[in-house]
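Written below as structure tokens is the structure these notes are about.
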Amino acid sequence: MIDFELTEDHKALVQTVREFAQKEVAPYIKEWDEKQHFERSVLDKMAALNLLGVCIPEEYGGAGFDYISLGLVCEELEAVDTFMRVVMSVHTGLNSLSLYTWGTEEQKQKYLVPQAKGEKLATYGLTEPGAGSDVVGARSTARRDGDDWILNGEKMWISLADVADNFLFFCWTNEEKRRARDHSGMSCFIVERTMKGFSSGTIHGKLGIKAGNTGYFSLQDVRVPSSNMLGEEGEGFKIAMFALEQGRYTVASGATGVIRASRDASVSYANTRETFGTKIGNHQLVKQKIAEMEADYQMSHLLWLRAGYLKNEGKPNAKATSLAKWQATVRSENERYLRNCKAAIIYEGTRDIHTLMQADWALGYKKEKPARKVLPVWKK
């Protein structure tokens, strides 16, 4: 049975994150957005609250909270601005949760622990200049050289590309399977910014999320030890899809925050602006729009809560997460919120991809797969 009532601990977490965002970001976000300025110090403050490792077990430096907690953090952060939720998506959702699920104990100690503590910032590299939704269209490669691998390739439209310390790099390790477009020939590696042959850059002039860092990174004959392969050789595609599932959840919950912020801004304006001798909130058509925004928020909030519940229980949740992401990302308005929410339509699977996915589930062409792993339930 799903209980939609938040625990006292969940409520306390919401209050903490809300106060943080209102104090540390809200007064400055307009300026950061206009100047396209990425304020790194905000991440240090998020780390001090253990938000960057909110759902990572305590034994690996995290707060040990559950998936519902992760969703609540994302909703509260994006209600103020999207760039903070993006950090949660790529650092925690895409990278750290993949390390927790697929990593060896050595990899967890070396990479996951400092990431969960916020000492290191991490991101995820799948998209390339010529390969987005078509993952097997990627051209990045890795070849063996003794006990090492030599990595080459370029990743594009990567959040935190120019500021992250650690990267997940997806590439082909089997040329024959690459030519056959067989995704079992793809593998995943953990790459550090300091490795020789690594370079990155920032993309300027974006429509939205101007306070965030988006860019590219390139690997030219970067040598990594075999111990930096995440999972087994040939499991790269599986890891990439697992990571996207976690990212979609953060996008869904975060986009719900945009809907809430848009509703709140509209309500405030409707209770202030007057026409024809009365506040516009008294006009029937304005009431209809406000009512629709309220319905959009409540529906989106319940959809991601349901997905979070399924994740906590270790039950199949791909369909629920996709539905939550798809719906939440097409129901946002208002100027900065409108610009920012356009990105959410694209990443972790475009709106079109999720439309097709939901149709395939409804038609029976697609079946839910068992959940990979469940996080420890938050019992604090």
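The values are calculated or read from the model by the stated rules, or taken from the named source; none is laboratory data. This one's a predicted model, so the numbers in the text were calculated from it and none came from an experiment. Virtual Cβ from ideal backbone geometry, glycine too; neighbours counted across all protein chains shown.
Return yes or no: is GLU176 charged (D, E, K, R) and assigned to a strand (DSSP E or B)? No, not satisfied. The set of residues in the range 185-218 that are under 23 Å from GLY93 (Cα atoms), at pLDDT 95 or above and touching a Lys or Arg at 6+ places or on another chain (Cβ under 7 Å) comprises THR214, TYR216, PHE217. Looking at the range 242-262 only, could you name the residues that are in contact with a strand residue (DSSP E or B) (Cβ under 9 Å, 6 or more places away or on another chain) and closer than 17 Å to ILE209 by Cβ? Scanning the range 242-262 gives a single hit, GLY247. Filtering GLU24, GLU106, GLU31, GLU39 for residues that are at pLDDT 95 or above, touching a Ser or Thr at 6+ places or on another chain (Cβ under 7 Å), surrounded by fewer than 24 Cβ atoms within 10 Å (Cβ to Cβ) and more than 23 Å from ALA307 (Cα to Cα) leaves a single hit, GLU106. Please tell me if THR202 is closer than 30 Å to ASP296 by Cβ and β-branched (Val, Ile, Thr). No; evaluated as a whole, the condition is false for this residue. Of everything in the range 355-380 that is modelled with pLDDT of 75 or more and part of a loop (DSSP other than H, G, I, E, B), the residue that is surrounded by the most Cβ atoms within 10 Å (Cβ to Cβ) is LYS366. Across the range 136-172, the qualifying residues are those that are out of contact with any Ser or Thr (no Cβ under 9 Å at 6 or more places or on another chain) and within 15 Å of GLY185 (Cβ to Cβ), and the one among them that is surrounded by the most Cβ atoms within 10 Å (Cβ to Cβ) is SER140. Kindly check whether there is at least one residue in the range 248-262 that is in contact with an Asp or Glu (Cβ under 6 Å, 6 or more places away or on another chain) and surrounded by fewer than 24 Cβ atoms within 10 Å (Cβ to Cβ). Within the range 248-262 (the criterion being in contact with an Asp or Glu (Cβ under 6 Å, 6 or more places away or on another chain) and surrounded by fewer than 24 Cβ atoms within 10 Å (Cβ to Cβ)), the answer is yes, since at least one residue qualifies. Taking THR194 and the conditions (1) within 30 Å of GLU34 (Cβ to Cβ); (2) of a type outside the set (Asp, Glu); (3) surrounded by fewer than 16 Cβ atoms within 10 Å (Cβ to Cβ), which numbered condition does it fall short on, given that it satisfies the others? With respect to (1) within 30 Å of GLU34 (Cβ to Cβ); (2) of a type outside the set (Asp, Glu); (3) surrounded by fewer than 16 Cβ atoms within 10 Å (Cβ to Cβ), THR194 is out only on (1). Is it true that some residue in the range 326-349 is modelled with pLDDT of 80 or more, out of contact with any Phe, Trp or Tyr (no Cβ under 8 Å at 6 or more places or on another chain) and either more than 25 Å from ILE239 (Cβ to Cβ) or not in a loop (DSSP other than H, G, I, E, B) (or both)? Within the range 326-349 (the criterion being modelled with pLDDT of 80 or more, out of contact with any Phe, Trp or Tyr (no Cβ under 8 Å at 6 or more places or on another chain) and either more than 25 Å from ILE239 (Cβ to Cβ) or not in a loop (DSSP other than H, G, I, E, B) (or both)), the answer is yes, since at least one residue qualifies. Inside the range 45-63, residues that are in contact (Cβ under 8 Å) with a residue 60 or more places away in the chain and farther than 20 Å from GLY254 by Cα make up a count of 2. Inclusion of ALA12 among residues that are loosely packed, with under 14 Cβ neighbours inside 10 Å, modelled with pLDDT of 95 or more, hydrophobic (A, V, I, L, M, F, W, C) and outside the structural domain of ALA161 (by TED's automatic domain parsing) is warranted.
Residues in the range 347-362 that are over 20 Å from the mean Cα position of the chain (by Cα) and in contact (Cβ under 8 Å) with a residue 40 or more places away in the chain: TRP361 alone. Only a single item in (1) under 19 Å from the mean Cα position of the chain (by Cα); (2) over 22 Å from THR82 (Cβ atoms); (3) acidic (Asp, Glu) is not met by ASP182, and it is number (1). Annotation: SER268 fulfils all but one of (1) surrounded by fewer than 19 Cβ atoms within 10 Å (Cβ to Cβ); (2) assigned by TED's automatic domain parsing to the domain that holds ASP145; (3) out of contact with any His (no Cβ under 9 Å at 6 or more places or on another chain); the unmet one is (2).
Beta carbons closer than 8 Å, at least 6 apart along the sequence or on distinct chains, pair a first residue in the range 142-168 that is within 14 Å of LEU219 (Cα to Cα) with a second that is at pLDDT below 95 for GLU154/PRO129; MET156/PRO129. If only residues of the range 197-217 that are assigned to a loop (DSSP other than H, G, I, E, B) and not aliphatic (A, V, I, L, M) are counted, the one that is surrounded by the most Cβ atoms within 10 Å (Cβ to Cβ) is GLY212.
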